[in-house]
Each structure stands twice: as C-alpha cells, then as structure tokens.
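Single-structure report; data block below.
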C-alpha cells in the first residue's frame, strides 16, 4: 500500500474570472489485479505491455489504484511529477523476498498478459480470490512459485548421475586421503 499527498494548488478559473484553491489530498493506493482489471476495462488494452502510457492513461491508473473513498475527480489533475515517480517505484517494487535462479532455461513468453489471464491462472492454481488485492508483483510471484512446485520432478540423465557421483567420490578421496 502506498500513501501519496497531492499538494494544494491555486488555479485561475477562466469562466468565473477568479482564483480557485484546491486543498491538499492524501491518497491511499494499491497496485493490484483489481486496479489493473478496472483500468483494462476502461482502456480496452493490456496494462502489462512494454511501452509508455499516455498521461491520461497514467493518471487514470492512479484513479483505479485509489482506495481512499470520496476523492474529488479534479484532485487527479494536480498529481505532481514527484507523485508519479513515487508511484512508478511502488509499481516496480517486487514486494516479496522470493527470488528465482535463472539457470539458462528462461523461456520468453510472447503472450500478452491481461487481467483475465491472471484470473485464469489463479483459478487453475487454486489461488484464493482474496489475493487479487495483493500487490500485483507479489501475486505474480505466487503464481510463478505455484507453477514451479506443480511441475514434475526433473529426472537426472544417466550421464549427469555418473558425473555427480564421480565428483562426490573425488571429494571423499581428497578429504580422507585415500586412493580407492
């Protein structure tokens, strides 16, 4: 969860010919599957694609992430660059202590990931729907772990077994100063 403060702003209202003052506003944000699904429903395109989003799309995603109740819509027009940078760092944060060792077998998946696909993965892996409110990176890590744990145990080839045994025997011979 992220808290940001939208600063108070003084603006000129052309219609009324007067200054308008917007109060500062504290927003509570959550980057979750729920917010991604809401954004994709409005913009009809995948959120998790590479490439930049327009300013309108970015501000609308902040609106989708907002948990704070009864936020006036004009507050989002006062988001600063510092707010955007803080939000981007939050979105990119792993939010987990889990890490994966990449052993050269990384498969590039060219499939576009949408909220519906992530919901499918949750159903297929029996992940409870309460997790849709987790930070999205944490949820994707859980999905990846479930996939890894559900794979069958990879059997070692005969050549790998013999090579491993030879290395163990050599280490034991060295440790005990023996020849056989």
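Here, each number is a calculation from the coordinates, and none is a lab measurement. The shown structure was predicted, so the numbers you read here are calculated from the model rather than taken from an experiment. With ideal geometry, Cβ positions are generated from the backbone for all residues, glycine too; neighbour counts draw on all protein chains shown.
Against the empirical 2.2 N^0.38 Å scaling, what ratio does the C-alpha Rg of region 1-46 come to?
Compactness ratio reported: 1.72.
Return an integer: the convex hull volume of the alpha-carbon atoms of region 74-168, in Å³ per residue. It would help to have the intermediate numbers written out before the result.
Details: hull volume 18.1 nm³, N = 95.
It is 190 Å³ per residue.
Using only the alpha-carbon atoms, how far is helix 136-150 inclined from the longest principal axis of the chain? Give it as 0 to 90 degrees, nearest 10.
20 degrees
As a check on your grasp of the helix formula, calculate [θ] at 222 nm for the chain: sum -39500 (n - 2.57) over DSSP H runs of n ≥ 4, divide by the residue count, round to the nearest 500. Could you put the intermediate results ahead of the total?
Values: 6 runs with 78 residues, N = 180.
Roughly -13500 deg cm²/dmol at 222 nm, from the helical runs in the chain.
How much length, in nm to one decimal, is gained on full extension between residue 74 and residue 119, taken as 0.36 nm per residue of separation minus their Cα-Cα distance?
Result: 13.0 nm gained on full extension.
With a cut-off of 8 Å between alpha carbons and a minimum separation of six or more residues, what is the relative contact order of the chain in percent?
It rounds to 24 percent for the chain.
Which angle between 0 and 90 degrees, to the nearest 10, do you get for helix 55-65 versus the longest principal axis of the chain when only C-alpha atoms count?
So the helix axis and the longest Cα principal axis differ by about 80 degrees.
Enter the angle in degrees (range 0 to 90, nearest 10) between the Cα long axis of helix 33-43 and the first principal axis of the Cα atoms of the chain, meaning the one along which they spread out most.
Long axis of 33-43 versus the principal axis of the chain: about 60 degrees.
Anyone know which of 153, 34, 62 comes out most mobile in the 10 Å Cα GNM of the chain?
Maximum fluctuation in the GNM of the chain, among the listed residues, is at 153.
P(r) for the chain, please, calculated from all Cα pair distances in 10 Å bins and given in %.
Percent of Cα pairs in each bin: 7, 25, 25, 15, 10, 8, 5, 2, 1, 0.
What ranking, highest mean first, results for peptides 35-47, 71-83 when packing means the other Cβ atoms within 10 Å averaged over each residue? Please list the in-between numbers first.
Values: 35-47: 16.1, 71-83: 13.4.
Descending packing order for the listed peptides: 35-47, 71-83.
Percent antiparallel among DSSP beta bridges with both residues in the chain, to the nearest 5?
100 percent
With an 8 Å Cα cut-off and a minimum separation of 6 or more residues, compute the relative contact order for region 1-99 in percent.
Contact order relative to length: 30 percent.
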